[in-house]
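First the structure, in the form of C-alpha cells, and then the observations on it.
The values are calculated or read from the model by the stated rules, or taken from the named source; none is laboratory data. Owing to the predicted nature of the structure, the values given are computational and were not obtained by experimental measurement. Neighbour counts are summed over all protein chains in view; Cβ atoms, including those assigned to glycine, are modelled from backbone coordinates with ideal geometry. When the accessible area is computed, the model is the full protein with side chains, heavy atoms only, and any ligands, DNA or RNA have been set aside. Shrake-Rupley method; radii C 1.70, N 1.55, O 1.52, S 1.80 Å.
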Amino acid sequence: MTKHTDNRHTGPSRKRLRLLDKAMQFLSRLDGRGPHVIHEVPVNSSFHSLPLSQESNPSTHSPTEMSDEQLSLIIPTKQGTFTVAHRKIPQPGPGEVLVRLQATALNPFDAKIHREGTFVDSYPAVLGTDGAGIVEQVGEGVTRFDPGDRIFFHGAFDDNDLATFQQFSVPRNLSFDQASTISCGISTAAIGLYGTVNGIGLIPPWERGGYAKYKGWPILILGGAGSVGNYVIQLAKLSGFSPIITTSSLKHTDYLKSIGANYVIDRYLPLPALNKAIMKITGSRIHMMYDSISTRDTQEVAWSLLAPGGKLVLTQPSLISQDDNSRQVVLVDGSPQSDENWETGKRLWAHLERWVEDGHIRPNHVEPLPGGLRGIADALARFNAGKVDAVKMVVRPQETNDS
C-alpha cells in the first residue's frame, strides 16, 4: 500500500476503478486554509452499515460498543444480484480513521457498474461513492480528527494503491442526507469546467481574478435539474457567466432560477424550437456549454448551437461527428483522485466548505429511501428506467435490518 508522507500532495497513480475487498480509502481534510495531511480510511465503499449503539450522540460511541462485523451491500459475481451480507470491520491503523456512515447518496454510475459489469475486476464487490458520517475511531498519529466529527467525502477505489477522499466537516445547517449529495456532483461539475485535461480549462473562481471573470459570457447547461447540472449552474454563477441558460422540465423553473439560472427552457422542445428559443436569448451561437445528460439528442442540440472556437463538456462518450477542428468537445472524468484532476480537486475542496456555509453552493434535493442498504437495488433500477427527476436518492445504511 502506497502512502504519502510529504507535503507535495501529488495525485495517486491513475488506475481503473476497482472495488476490491482490501482497497483502502484515503481521507484528506480540506478547509478554507487549504489541504492538510492525507489520512487513510479503512472503509471500502459507501454501501456499508457499521452497527449502531442505542445512543444518538456520536460522542458516546466507543470501540467497545461495536461488534467486529458490519452489514454491506455486496455484488457476489459480475452483474449478480445485490446481497446484504456481513463483513469484518477493519480497525484503524497508524494515520487512519474509521467512519460510521449515516447517509450515502446514489449515483447513475453505481447502476452502470452493476448493469454493465464494468470497472470492477474482482468479486464480491461493494459499490458506493458519496457518503457522510461520523468519525468513529482514529488511529495512532491522527491529530486533525476526533471521534464524533461530522464529515462528508468523495471516494474512489484502487487495489492496494492510493485512493483518496476529499473531505471536510458537515456544516451544522446541513443534514447528513444533504451533505452526502454534494461530493460526486460538485467534483464532476468543477472538473468539467475548470480541469485542464478532463475539462475545458476555464479560470476557476477560487483563483485570483477568477471570481466573476466570465461576466457577460452566456453559457448553456443541458440538464440543469440533475445532480451535475445543479452544480454547474452554481459554479457558473460564481464564475460570472451571464446569461446562464439551462434546459429542464419547466416544473423546476423556480428552483433553477433560485440557484443562478437566468433562463429555463423546456427540455422537451423539438430541436428546431429549442434552437430558436436559445438564439432568441443570445442572438448568436454559444461558446461555452455543459451537457450533463449527453444522450445522442442532447449532444446534437449542443453541437448545433456551439459557436466556432466554442467548448463543450460531455458526461458520456461523444456521439458527435465533428466536422471542424475549431470547436472543442471534452469528455469529463469527474474523479478528483486522478493525476490529471488532482490539483483542480484539491483547490475546489479547499474552498467548498466556505461556499456551502455561505450558501453559494446548495445541495441537491434529497429523497430519503426506506430500508437502508436493502433499498438500494430497487433504487438503482430507477436510474436504468429513467425515473429519477431532480432529486438525489439517499440511503441511511444504519436503517438496514439484519434479516
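Before we move on, is Ala212 outside any helix (DSSP H, G or I) and either on the phi > 0 side of the Ramachandran plot or hydroxyl-bearing (Ser, Thr, Tyr) (or both)?
Numbers: outside any helix (DSSP H, G or I): yes; either on the phi > 0 side of the Ramachandran plot or hydroxyl-bearing (Ser, Thr, Tyr) (or both): yes.
When the stated conditions are applied, Ala212 passes them.
Yes/no per residue for (1) open to solvent by 30 Å² or more (accessible area, probe 1.4 Å); (2) among the hydroxyl-bearing types (Ser, Thr, Tyr); (3) part of a helix (DSSP H, G or I):
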site	(1), (2), (3)
Ile281	yes, no, yes
Ala302	no, no, yes
Val330	no, no, no
Leu373	no, no, yes
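Six or more apart or on different chains, Cβ atoms under 8 Å: show the pairs whose first residue is in region 247-261 and among the aliphatic types (A, V, I, L, M) and whose second is in a helix (DSSP H, G or I) and open to solvent by less than 10 Å² (accessible area, probe 1.4 Å).
Close Cβ pairs satisfying both conditions: Leu256/Ile233; Ile259/Asn230; Ile259/Ile233; Ile259/Gln234; Ala261/Ile233.
For region 124-151, how many residues are touching a residue at least 12 places away in the same chain (Cβ under 8 Å) and surrounded by fewer than 17 Cβ atoms within 10 Å (Cβ to Cβ)?
Just the residues of region 124-151 that are touching a residue at least 12 places away in the same chain (Cβ under 8 Å), to begin with: 124-142, 144-145, 147-151.
Okay, now just the ones that are also surrounded by fewer than 17 Cβ atoms within 10 Å (Cβ to Cβ), so 140-141, 144, 148.
Number of matching residues: 4.
Give the residues of region 231-263 that are under 22 Å from Asp358 (Cα atoms), assigned to a helix (DSSP H, G or I) and not aromatic (Phe, Trp, Tyr), sorted by residue number. Steps first, please.
The initial filter retains those residues of region 231-263 that are under 22 Å from Asp358 (Cα atoms), namely 231-242, 244, 254-262.
Narrowing the set further to residues that are assigned to a helix (DSSP H, G or I) leaves 231-238, 254-258.
Passing the criteria: Val232, Ile233, Gln234, Leu235, Ala236, Lys237, Leu238, Asp254, Leu256, Lys257, Ser258.
So, Thr164, is that one over 16 Å from Glu96 (Cα atoms), in contact with a helix residue (DSSP H, G or I) (Cβ under 9 Å, 6 or more places away or on another chain) and either at pLDDT 75 or above or crowded, with 24+ Cβ neighbours inside 10 Å (or both) or not? Reasoning before the result, please.
Values: over 16 Å from Glu96 (Cα atoms): no; in contact with a helix residue (DSSP H, G or I) (Cβ under 9 Å, 6 or more places away or on another chain): yes; either at pLDDT 75 or above or crowded, with 24+ Cβ neighbours inside 10 Å (or both): yes.
Answer is no for this residue.
Check off (1) part of a helix (DSSP H, G or I); (2) in contact with a helix residue (DSSP H, G or I) (Cβ under 6 Å, 6 or more places away or on another chain); (3) open to solvent by less than 10 Å² (accessible area, probe 1.4 Å) for Val228 and give me the number that stays unchecked.
Of (1) part of a helix (DSSP H, G or I); (2) in contact with a helix residue (DSSP H, G or I) (Cβ under 6 Å, 6 or more places away or on another chain); (3) open to solvent by less than 10 Å² (accessible area, probe 1.4 Å), only one is false for Val228: (3).
Output the residue which, of all residues in region 304-321 that are open to solvent by 30 Å² or more (accessible area, probe 1.4 Å) and touching a residue at least 40 places away in the same chain (Cβ under 8 Å), is nearest to Val232 (Cα to Cα).
So the residue we want is Thr315.
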